[in-house]
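Here the structure comes first, spelled out in structure tokens, and everything after it is commentary.
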Amino acid sequence: MSKFDFPPSIKSRPVWGSLEARPGKHHLMIADGEGAEAILAIAGPDLMAKSHIIYIPKGTDYEQKLRDQEPAILHVGPSYEASLQRIRRVLQDAHMGLQVYLAGTEGLMGQAMQEAVSHGIPHTAIQTEHRGSVARRMQCVHCKGITEDVEVDPFVCSHCGLNLFVRDHYSRRLAAYQGVCVDAEDPGNVPEQKGIYE
């Protein structure tokens, strides 16, 4: 599943767009998994010659296709965390007019957007395109722990073990959706798990 049409929801949930090549001297593209498809869709010789791509494969096979586009720099990392210092360095050294493109999972885009915003780039100036998994990055509102790649509702917090309801409320500051205890008033009464968008 590369593209997914998200159902309407509350205002705090992010709305992801579509990437488009923009004029500029420098382009930072951060993608994971099938997010490479969104980069490949806008790739052209002029754009790629000025692009620094940071790519996290997450079990997909797009690395060679990205290399074939001959970007100025292509860094392939094993995880977002392992690529974070590179992302910070590129943003720290950025010049006015840097174009930022984020593509892939919500977890990657949220974290990378948070990082770009902390370096002075307004979130409205950052292009995004969702591709791949619809799993969410969730924060437990009780213990504050983050659980990555949540695909079912309710889910068990990986930190405190509470059964959490997957809410659509999203925190840009944390780059995570919020999960709240589903059986707080009636311990043990936990609904059957289902996919988040079922």
### Count of residues meeting criterion [open to solvent by 40 Å² or more (accessible area, probe 1.4 Å) and outside any helix (DSSP H, G or I)] in segment 66-81
7
### Query
Would you say residue 99 is in contact (Cβ under 8 Å) with a residue 24 or more places away in the chain and in contact with a Lys or Arg (Cβ under 7 Å, 6 or more places away or on another chain)?
yes
### Query
Going by the structure shown, is residue 55 within 23 Å of residue 137 (Cα to Cα), out of contact with any Lys or Arg (no Cβ under 9 Å at 6 or more places or on another chain) and aromatic (Phe, Trp, Tyr)?
yes
### Query
Among the residues of segment 120-133, which ones are surrounded by fewer than 16 Cβ atoms within 10 Å (Cβ to Cβ) and either in contact with a Phe, Trp or Tyr (Cβ under 6 Å, 6 or more places away or on another chain) or part of a loop (DSSP other than H, G, I, E, B) (or both)?
120, 122
#### Entry: Flag if residue 30 is touching a residue at least 12 places away in the same chain (Cβ under 8 Å) and in a strand (DSSP E or B)
yes
### Query
Do the conditions hold for residue 77, that is, is it farther than 20 Å from residue 123 by Cα and touching a Ser or Thr at 6+ places or on another chain (Cβ under 7 Å)?
yes
## Note on the structure
Given the conditions (1) open to solvent by 70 Å² or more (accessible area, probe 1.4 Å); (2) under 28 Å from residue 54 (Cβ atoms); (3) at pLDDT below 95, every one holds for residue 89 apart from (3)
### Task
For segment 89-105, state whether one or more residues are part of a helix (DSSP H, G or I) and under 18 Å from residue 38 (Cβ atoms).
no
### Query
open to solvent by 50 Å² or more (accessible area, probe 1.4 Å) and part of a helix (DSSP H, G or I), is that true of residue 22?
no
### Task
For segment 159-196, enumerate the residues that are open to solvent by less than 60 Å² (accessible area, probe 1.4 Å), in contact (Cβ under 8 Å) with a residue 24 or more places away in the chain and assigned to a loop (DSSP other than H, G, I, E, B).
174, 175, 182, 190, 196
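The values are calculated or read from the model by the stated rules, or taken from the named source; none is laboratory data. From a predicted model like this one, the values you see are computed outputs, not experimental measurements. Cβ atoms come from the backbone with ideal geometry, glycine included; neighbour counts cover every protein chain shown. Protein only, heavy atoms only, side chains kept; ligands, DNA and RNA dropped before computing areas. Shrake-Rupley method; radii C 1.70, N 1.55, O 1.52, S 1.80 Å.
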